[in-house]
Amino acid sequence: MISIWVTDSFERKDMDRDALAKLLINLTKAQEQIITQDSLVRGFESVLSTLEEAVTDAPKATEFLGRMFARILLENVIPYKEVWRLIYDGGEEQGQLVETGLAAEVVGVILEIIKSEKGDPFLNEMCAASNLRVEIFRSPNMRKTSRLDKFI
């Protein structure tokens, strides 16, 4: 269900994607915990496994997914380390998103949003606390610059 909603949101308006992010946050943080953290993680795993295909239909899918992850991280719904693991391992085959450069784009968007909303000190503290090594998300085969490069 989560995977379907998120993937479908790639072809919607920003307002719809923002509403979906809020819905997922509220359903996970609700006292009744309608969506468990584990279910949310599995849903995003599924989205990441089909991200290459989604980018074909929605070229900005990496940006949209990065924005959604940033919202979820800023609301402390999923631990930072778990999101980094999901993205690093993501793809149809494990680690394929790093190889294709899509992981760098998603992480770059996440870091841009966190920096713009919380500032450099928060971003630096978050990176240190979650042991984020930004360079591991950059494909060794990438020739062009990515959004991630300004954080390396």
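Bear in mind these aren't lab numbers, they're just calculated from the coordinates by the rules spelled out. It should be emphasised that the depicted structure is a prediction, and the values quoted were computed from it without experimental measurement. We place every Cβ from the backbone using ideal geometry, glycine too, and count neighbours over all the protein chains shown.
Run the numbers for residue 118 and residue 76: contour at 0.36 nm per residue of separation, minus the present Cα-Cα distance, in nm.
13.8 nm
With point charges of +1 on the Cβ of Lys and Arg and -1 on the Cβ of Asp and Glu, referenced to the Cα centre of the chain, which listed residue (102, 78, 134) lies farthest in the positive direction of the dipole?
After comparing all options, I get 134.
What shape does region 76-144 have by the C-alpha gyration tensor, where a ≥ b ≥ c are the square roots of the eigenvalues, rounded means a/c under 1.5, and otherwise prolate means a/b greater than b/c and oblate the rest?
Working: a/c = 2.20, a/b = 1.57, b/c = 1.40.
Prolate, since a/c reaches 1.5 and a/b exceeds b/c.
With a ≥ b ≥ c taken as the square roots of the eigenvalues of the C-alpha gyration tensor of region 31-88, please select rounded if a/c is under 1.5 and otherwise prolate if a/b is larger than b/c or oblate if it is not?
Numbers: a/c = 1.95, a/b = 1.76, b/c = 1.11.
Judged from the Cα gyration tensor, region 31-88 comes out prolate (a/c at least 1.5, a/b above b/c).
Between residue 5 and residue 26, with labels modelled 7 Å along Cα→Cβ, what's the label distance in nm to one decimal, could you check?
1.1 nm
Could you sort out which of 22/144; 29/118; 29/144 sit more than 30 Å apart by Cα distance in this structure?
22/144; 29/144
Dipole size in debye (nearest 20) for the chain around its Cα centre, Lys and Arg Cβ +1, Asp and Glu Cβ -1? Intermediate values should be presented prior to the final figure.
Working: 19 positive and 25 negative charges, 92 e Å.
Dipole about the Cα centre, nearest 20: 440 debye.
Mind running the shape call on the chain? Use the C-alpha gyration tensor, a ≥ b ≥ c as the square roots of the eigenvalues: rounded below 1.5 for a/c, prolate if a/b tops b/c, oblate otherwise. Walk me through the intermediate numbers first.
Details: a/c = 1.55, a/b = 1.17, b/c = 1.33.
Cα axes put the chain in the oblate bin.
Along the charge dipole of the chain, which of 33, 3, 119 sits closest to the positive end, that is, farthest toward it, with unit charges on the beta carbon of Lys, Arg, Asp and Glu (+1, +1, -1, -1)?
119
Straight-line reach only, C-alpha to C-alpha below 17 angstrom: list the aspartates and glutamates that residue 60 could link to, leaving out same-chain residues fewer than 8 apart.
Result set, ordered by chain and number: 8, 11, 14, 16, 18, 52, 105, 112.
Can you list the HN-Hα couplings for region 56-61, worked out from phi with the Karplus curve (6.51, -1.76, 1.60; θ = phi - 60°), rounded to whole Hz and with x for Gly and Pro?
Calculated HN-Hα couplings, in order: 5, 7, 10, x, 9, 4 Hz.
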